[in-house]
Amino acid sequence: MHVPAELPSVAMGSVLLLYLERVLAVFVVLLFLLVFLYRGLWRGELPKAISERGAEWQDILGETADHLRVQMRALEAQLESLEATVGKLRK
């Protein structure tokens with residue numbers, strides 16, 4: 001990339017620092033795009049809001065915890081049914 005004759009103040013007079021800042025900015029943008037594409041295309045999730053702080057995604061852990069609770073209740077019901085059946089067979 002072109003280095004201007006007068007460096008911006010964020011480079012603090014260092015060409016190397018200017019290049020590092022540019023690389024960091026490109027890395028952050030590419031990382032955000034990769035996360036957005038991964039979650040959007042492969043997992044089917046879109047962010048619920050995009051602001052200056054970044055993208056806000058839906059709470060996956062809450063949904064997963066609810067799903068696990070339902071599965072646990074179903075397993076407990078099956079276990080109680082099996083215990084009742086075994087209890088009847090022992091008599």
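A few points about this structure:
- Subtracting the Cα-Cα distance of HIS67 and LEU30 from 0.36 nm times their residue separation leaves 10.0 nm of extension gain.
- The order of the peptides 18-24, 71-77 by mean Cβ neighbours within 10 Å, most packed first, is 18-24, 71-77.
- Cα-based shape type of segment 27-91, given that a ≥ b ≥ c are square roots of the gyration tensor eigenvalues and the cut on a/c is 1.5: prolate
- Applying 0.36 nm per residue to the separation of GLN58 and LEU89 and subtracting their alpha-carbon distance, the gain on full extension is 6.3 nm.
- Carbon/sulfur fraction of accessible area - segment 27-91, other protein chains in place, 1.4 Å, %: 64
The values are calculated or read from the model by the stated rules, or taken from the named source; none is laboratory data. None of these values were measured; they are calculated from a predicted model. Cβ coordinates were reconstructed from backbone atoms using ideal geometry, including for glycine residues, and neighbour counts include every protein chain displayed. Calculation scope for accessible area: heavy atoms of the full protein, side chains included, ligands and nucleic acids excluded. Shrake-Rupley method; radii C 1.70, N 1.55, O 1.52, S 1.80 Å.
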